[in-house]
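The structure appears right after this line, and notes come after that.
Only the coordinates and a few stated rules stand behind these numbers; no lab work does. The structure presented is a predicted model; accordingly, all values stated were derived computationally and were not measured. Counting neighbours? That spans all protein chains shown, and the Cβs are built from the backbone with ideal geometry, glycine included.
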Amino acid sequence: MIQTEVTYNEAIQELETILRSLETDQVDVDDLTARAERSAELIRLCRHKLRHAEASLDRVFDSLDEEETEPEEDDEDLDDDDLAEDDSEDDDAEDDDYQPGGPGRPAQPRLF
């Protein structure tokens with residue numbers, strides 16, 4: 001029998017169903033064993049999915065961090081017009097709008 005991939009939410013719902021049935025029903029030993037084995041399988045699946053999601057998010061944040069540290073353009077490639085535009089953008093920025101770390105990252109306190 002081919003089993004389709006169970007989503008995280010489906011696994012949690014099935015675990016909750018098993019828990020409710022164990023709390024309310026009188027379960028014979030054979031059925032209890034089968035439910036315990038299924039619960040262990042679902043818990044392993046949920047742990048795997050959570051670890052995979054965490055690793056994926058770490059890769060996303062790492063790539064964002066790498067993009068922030070890479071220089072946008074080499075100084076050699078800039079002409080005088082580009083330099084003038086870059087300077088004017090810095091003058092327009094207000095210090096009150098400064099948000100270090102970017103969205104979803106904690107800001108470090110400013111010490112100056």
**Request:** Between residue 53 and residue 29, take the C-beta separation as r, use R0 = 25 Å, and let me know the FRET efficiency to the nearest 0.05.
**Result:** 0.10
**Prompt:** Under the Karplus relation 6.51 cos²θ - 1.76 cosθ + 1.60, θ = phi - 60°, what is the ordered set of whole-Hz ³J(HN,Hα) values for segment 50-66, x standing for Gly and Pro?
**Reply:** 5, 5, 5, 5, 4, 5, 5, 5, 4, 5, 4, 5, 5, 5, 5, 4, 5
